[in-house]
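Q: Could you have a look at this structure, given as structure tokens, before my questions?
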């Protein structure tokens, strides 16, 4: 049986940019055509951690909104935000696929979406429609299972397993069809490890320990910590925090080992290195426990003290971080 992470409904309808000849074009050009009553402005935004930023703004030109720039957008999950209700649709931007058009009607944005110049969007739109239908079916099956008994309950559980497998197979197909597109990395990031059955003869406690260790060891099998596009998805920081908060023993040595592993894995790409290091410093700066302060001082004195490793930090900020870390480090000695 496959274990999967079903995407929340908020993210079901996602415009996925496709593999075209955009590599030959400069910058980005995304044209939005809105039928119906359109606002004066539409915003192209993205999410970093728990904050939303505006990448570009386009004004209404007879129902069309042109987003363009000489520099390419960083890959990731973006949003077309449409005032005044700030309704939105999501789109995934790939490094080499930033020239396309989308059309929608303001009265029913998601149902009316269509694409030109981005084949992967069409494939992903079909996937999203399937997920929406499967989520509705799963909800109905789980409600029926609560009232069912014996054979009927087993039939309902079997159908739920079939749905999970169908979703898994569809994700795998998209990953294989678009191996060089961010669609592949994004789809892979939603997969969870498939936990094997315990070995025969294990006690209940041994089985739980075996499955927990397997899940932890394979947690990042499908989630590439050095893929810069994942920074601009809600799943990046949620996945990191989920690992540290749920799977790592909240003790100093265990936390330091895992934090080093995460930073080193992300360091393969300069953008993920920065995102990971900043996120972890801020995460443990907000916690005044002994363990968290130990991790904070370790990150600061190991990575922020290395000017080559954290080359994005200005000198004033670096001095402030290191002074704070050294002060904390001296106080922490009393507890050791």
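Q: In the stretch 62-94, how many are on the phi > 0 side of the Ramachandran plot and either crowded, with 21+ Cβ neighbours inside 10 Å or touching a strand residue (DSSP E or B) at 6+ places or on another chain (Cβ under 9 Å) (or both)?
A: Adding up the residues that qualify gives 3.
Q: Somewhere in the stretch 215-227, is a residue touching a residue at least 40 places away in the same chain (Cβ under 8 Å) and either within 12 Å of the chain's Cα centre (by Cα) or assigned by TED's automatic domain parsing to the domain that holds residue 93 (or both)?
A: yes
Q: Same structure, new question: When the residues of the stretch 160-181 are filtered to those that are closer than 17 Å to residue 221 by Cα and touching a strand residue (DSSP E or B) at 6+ places or on another chain (Cβ under 9 Å), which remaining residue is surrounded by the most Cβ atoms within 10 Å (Cβ to Cβ)?
A: This residue is 171.
Q: Could you say which residue among 284, 296 is under 28 Å from the mean Cα position of the chain (by Cα), farther than 26 Å from residue 76 by Cα and surrounded by 12 or more Cβ atoms within 10 Å (Cβ to Cβ)?
A: 296
Q: Another one. Residue by residue through the stretch 298-336, note down the ones that are modelled with pLDDT of 95 or more and in a loop (DSSP other than H, G, I, E, B).
A: Selection gives 305, 306, 307, 308, 309, 310, 311, 312, 313, 314.
Q: Follow-up. Taking the conditions exactly as written (more than 20 Å from residue 78 (Cβ to Cβ), at pLDDT 90 or above and assigned to a helix (DSSP H, G or I)), does residue 185 satisfy them or not?
A: Considered against the rule, which asks whether it is more than 20 Å from residue 78 (Cβ to Cβ), at pLDDT 90 or above and assigned to a helix (DSSP H, G or I), residue 185 comes out as no.
Q: Same structure again: Just checking, how many residues over the stretch 249-261 are in contact with a helix residue (DSSP H, G or I) (Cβ under 7 Å, 6 or more places away or on another chain) and either surrounded by 15 or more Cβ atoms within 10 Å (Cβ to Cβ) or part of a helix (DSSP H, G or I) (or both)?
A: Qualifying residue count, the stretch 249-261: 5.
Quick grid of which residues meet (1) closer than 30 Å to residue 33 by Cβ; (2) touching a strand residue (DSSP E or B) at 6+ places or on another chain (Cβ under 9 Å); (3) in a loop (DSSP other than H, G, I, E, B):
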site	(1), (2), (3)
109	yes, yes, yes
112	yes, yes, yes
129	yes, no, no
144	no, no, no
156	no, no, no
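Q: Scan 239, 233, 277 and give me the residue that is surrounded by 13 or more Cβ atoms within 10 Å (Cβ to Cβ), in contact with a strand residue (DSSP E or B) (Cβ under 8 Å, 6 or more places away or on another chain), touching a residue at least 12 places away in the same chain (Cβ under 8 Å) and closer than 18 Å to residue 50 by Cβ.
A: 233
Q: Taking the condition modelled with pLDDT of 95 or more and either outside the structural domain of residue 96 (by TED's automatic domain parsing) or loosely packed, with under 15 Cβ neighbours inside 10 Å (or both), does residue 157 pass?
A: So residue 157 fails the test.
Q: Let me ask something else about it. Residue 144 fails exactly one of the following numbered conditions: (1) within 20 Å of the chain's Cα centre (by Cα); (2) more than 27 Å from residue 188 (Cβ to Cβ). What is the number of that condition?
A: (1)
Q: Considering only the stretch 67-86, state which residues are within 22 Å of the chain's Cα centre (by Cα) and assigned to a loop (DSSP other than H, G, I, E, B).
A: Across the stretch 67-86, the qualifying residues are 72, 73, 74, 75, 86.
Q: May I pose another question? Which numbered condition in (1) under 20 Å from the mean Cα position of the chain (by Cα); (2) part of a helix (DSSP H, G or I) is the only one that residue 268 fails?
A: Residue 268 satisfies every listed condition except (2).
The values are calculated or read from the model by the stated rules, or taken from the named source; none is laboratory data. Model, not experiment: these values are computed from the prediction. Glycine gets a Cβ as well: all are built from the backbone with ideal geometry, and neighbour counts include every protein chain shown.
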